[in-house]
Amino acid sequence: MLTTLVTCLSELQDAACAAIAAATALKELEALDAQYLGRKGALAQCMGAMKGLSAADKPALGKVANDAKAVVTAALETRRATLLDAADAQSLAQDALDVTLPGRARVQGGAHPLAQTLREMLDIFQRLGFAIEEGPEIEDEWHNFDALNIPASHPARDVQDTFFINAAPAADPRAGRFILRTHTSPVQARVMQQTTPPLRFVAPGRVYRNERIDASHYTIFHQVEGLYVDRAVSFAQLKGTLLDFAHAYYGPQVKLRFRPGYFPFTEPSAEVDITCSVCSGRGCSVCKQTGWVEILGAGMVHPNVFRAVGYDPDAVTGFAFGMGVERIAMLKYGIDDIRLFYENDLRFLTQFA
Ligand SMILES: [Zn+2]
């Protein structure tokens, strides 16, 4: 009887160890654990047979049974540890992060070249003591033309190809029709109407002209308007201000040239050139071999403009200037087609990001 039971335990231990070694999943191991070591497992059944043994044989079988249980338990633990390690290794391999891979480039936006140019220009004028003022893009005829000494009969009014708005005219009969402003100069009139001199500001903004689009013309563009009004503002101060701006924006090597010009709202008026920044004045296609490029118009505020806004032209004088932001940017960066600013082509824009 004892021998049979010992053989049974020995076979049971071998079978259990073989099954445990062959198990490939933790679940399988749990099942084997229950099958061999559980309360109703194979070992327990074998021990149940001990009841029939003599008191002398019981301890001997007990020892064999305990040894078998210890061997199977150890085999289970070893196999469990191995399977857990393997599972860990597998999940590590699956989630592995290769830190040597190159990163994915993130597309980063940047300011539009016109916005950058405008920001730089305004910075310079703010350092020179100019405030910043803005006005509406939908303007009335009085502020856009009449207040600036451009009466209905004035030829300059034809020169400016104007977009008119289909809307009822303004309540004030003097205001005329609504239009998209053709220049930023109406901001001069609006600010002067609301302020007493002295005043000194620049007015940046978008303007509209009904023009044929080509490499140097577009229906939208940007201007920066400047106005300084006080008791004895002089043309020399205008020259000094513009020279300071040109040196700050283009560099100290740049020279300015004033040519007589005509604008209805200034008298005298000047068209202002700088030495070509592309060829440094030696002559190239940008400056048409002259060494000079025009960047702005300027002059002393016309007495009629002061009268229109209620200023006394005998008490104050002032200078005004206006420049195209697109033109300034084109000259600075060597851009030869104004349309590039408005086509949203990333190949162009990312060069300035
Ligand atoms: Zn040139």
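Taking the options Glu120, Glu134, name whichever one is under 23 Å from Ala329 (Cβ atoms), assigned to a loop (DSSP other than H, G, I, E, B) and out of contact with any His (no Cβ under 6 Å at 6 or more places or on another chain).
The match here is Glu134.
Can you pull out the residues in the stretch 243-292 that are touching a Ser or Thr at 6+ places or on another chain (Cβ under 7 Å), of a type in the set (A, V, I, L, M, F, W, C) and within 16 Å of the ligand (Cβ to nearest atom)?
Result: Val254, Trp292.
Working only within the stretch 229-273, note down all residues that are surrounded by fewer than 17 Cβ atoms within 10 Å (Cβ to Cβ), aliphatic (A, V, I, L, M), in contact with a strand residue (DSSP E or B) (Cβ under 7 Å, 6 or more places away or on another chain) and over 27 Å from Gly334 (Cβ atoms).
Of everything in the stretch 229-273, just one residue is surrounded by fewer than 17 Cβ atoms within 10 Å (Cβ to Cβ), aliphatic (A, V, I, L, M), in contact with a strand residue (DSSP E or B) (Cβ under 7 Å, 6 or more places away or on another chain) and over 27 Å from Gly334 (Cβ atoms), namely Ala232.
Out of Gln90, Gln126, Gln188, report the one residue that is in the same structural domain as Leu238 (by TED's automatic domain parsing) and either closer than 30 Å to Cys17 by Cα or touching an Asp or Glu at 6+ places or on another chain (Cβ under 7 Å) (or both).
Gln188
Pairs, please: C-beta under 9 Å, at least 6 apart or cross-chain, first residue surrounded by 11 or more Cβ atoms within 10 Å (Cβ to Cβ) and in the stretch 45-71, second of a type in the set (S, T, N, Q) and not in a loop (DSSP other than H, G, I, E, B)?
Ala49/Thr4; Val64/Ser10; Asp67/Gln13; Ala68/Ser10; Ala68/Gln13; Lys69/Gln13; Val71/Gln13
Between Val309, Val316, Val301, which is among the β-branched types (Val, Ile, Thr), buried (at least 22 other Cβ atoms within 10 Å of the Cβ), in contact (Cβ under 8 Å) with a residue 40 or more places away in the chain and more than 16 Å from the ligand (Cβ to nearest atom)?
Val301
Would you mind finding the one in Val233, Val229 that is in contact with a Leu (Cβ under 9 Å, 6 or more places away or on another chain) and more than 17 Å from Gly324 (Cα to Cα)?
Val229 is the lone residue from the list that is in contact with a Leu (Cβ under 9 Å, 6 or more places away or on another chain) and more than 17 Å from Gly324 (Cα to Cα).
The values are calculated or read from the model by the stated rules, or taken from the named source; none is laboratory data. Model, not experiment: these values are computed from the prediction. Cβ sites come from the backbone with ideal geometry, for glycine too, and all protein chains shown count toward neighbours.
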